[in-house]
Amino acid sequence: SPDVWRILSGHDFGLTFVDIEPFGYRLRPPLPEEKPDKTLLVYGTSITHGACAAAYTLAYSQYLGRLLGCEIKGMGGSCMNEAAVADYFASLGFDAVLLENEVNMGTAMAEEYARNGAYLLDRLAVSHPDCPIWAVTAYPNASLSGADPSDPCVKKPFVNDDALRKMAAGYPNVHIIEGDTVLTDFTGLQCDLIHLNDYGHIQVAQRLAQLIGPL
């Protein structure tokens, strides 16, 4: 509904709340019929938080919500899979989950990723057994590119990918999406060769909508 206003917090965002100018209209919470029927919980890195997108509304998570016609609830940023975050998410109401949570805890933190990730996945899968959970392996980036320079989206093995696949195998409602089947064009990356540019955010959102939309 165009009557619903959303305040979006993007990458490198700081907010000091002073007031809201409603331009003569009454300020109220949204009515149920003004909000989407379904809610997607999204948890990820700065990529999910919309880093390097030209506008917050171009973040792939926001664009995905529009393509699916669902409410987006969640958090992106440092993404260390802390137990407190897992406990908080487990207490929320939602219809599905999308996780993009590997690259901030690279090879040097593989054991911690496996431990924290297992707790997060267990809390979500057990507390919401009827909700589908999609976990995306790492999107291609400069540090994960394979030996073939003609196709940098071909990834070399990544320990956190393997850990995520093993975690997911233990739950019937957890589904793996391979990141290199979502981001298939290296020009979708920003100049740092890890974050998505606008084209990358759009490509990722469209591909994820194709994969998870039917379910």
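The values are calculated or read from the model by the stated rules, or taken from the named source; none is laboratory data. Because the structure is a prediction, the values reported are computed rather than measured. Cβ coordinates were reconstructed from backbone atoms using ideal geometry, including for glycine residues, and neighbour counts include every protein chain displayed. Accessible surface areas use protein heavy atoms only, side chains included; no ligands, DNA or RNA. Shrake-Rupley method; radii C 1.70, N 1.55, O 1.52, S 1.80 Å.
Note on the stretch 146-187: residues that are of a type in the set (Asp, Glu), closer than 25 Å to Asp198 by Cα and either open to solvent by 60 Å² or more (accessible area, probe 1.4 Å) or in contact with a strand residue (DSSP E or B) (Cβ under 7 Å, 6 or more places away or on another chain) (or both) amount to 2. Restricting the stretch 128-143 to residues that are among the hydroxyl-bearing types (Ser, Thr, Tyr) and in a loop (DSSP other than H, G, I, E, B) leaves a set whose member that is surrounded by the fewest Cβ atoms within 10 Å (Cβ to Cβ) is Thr137.
Being of a type in the set (Gly, Ala, Ser), farther than 19 Å from Ala135 by Cβ and part of a loop (DSSP other than H, G, I, E, B) is a property that does not hold for Ala84.
Each residue in the stretch 101-116 was checked for being at pLDDT 95 or above and crowded, with 17+ Cβ neighbours inside 10 Å, and 3 pass. Of all the criteria given as (1) at pLDDT below 95; (2) part of a loop (DSSP other than H, G, I, E, B), the one not satisfied by Leu183 is (1). Listed by first and then second residue, the pairs with beta-carbon distance under 6 Å, at least 6 apart or on different chains, first residue in the stretch 64-75 and on the phi > 0 side of the Ramachandran plot, second crowded, with 16+ Cβ neighbours inside 10 Å and among the hydrophobic types (A, V, I, L, M, F, W, C), are Gly74/Leu41; Gly74/Val42.
Check the stretch 39-48 and report whether any residue there is in contact (Cβ under 8 Å) with a residue 24 or more places away in the chain, open to solvent by 30 Å² or more (accessible area, probe 1.4 Å), within 28 Å of Ala83 (Cβ to Cβ) and in contact with a helix residue (DSSP H, G or I) (Cβ under 8 Å, 6 or more places away or on another chain). No: zero hits.
When Asp185, Asp198, Asp148, Asp162 are checked against the criterion of being under 12 Å from Glu102 (Cβ atoms) and among the acidic types (Asp, Glu), a single residue qualifies: Asp162.
I'd like to know if the stretch 155-175 contains one or more residues that are under 14 Å from the mean Cα position of the chain (by Cα), in a helix (DSSP H, G or I) and not aliphatic (A, V, I, L, M). Within the stretch 155-175 (the criterion being under 14 Å from the mean Cα position of the chain (by Cα), in a helix (DSSP H, G or I) and not aliphatic (A, V, I, L, M)), the answer is no, since none of the residues qualifies.
State whether one or more residues within the stretch 77-94 are surrounded by 22 or more Cβ atoms within 10 Å (Cβ to Cβ) and at negative phi. For the stretch 77-94, residues surrounded by 22 or more Cβ atoms within 10 Å (Cβ to Cβ) and at negative phi: absent.
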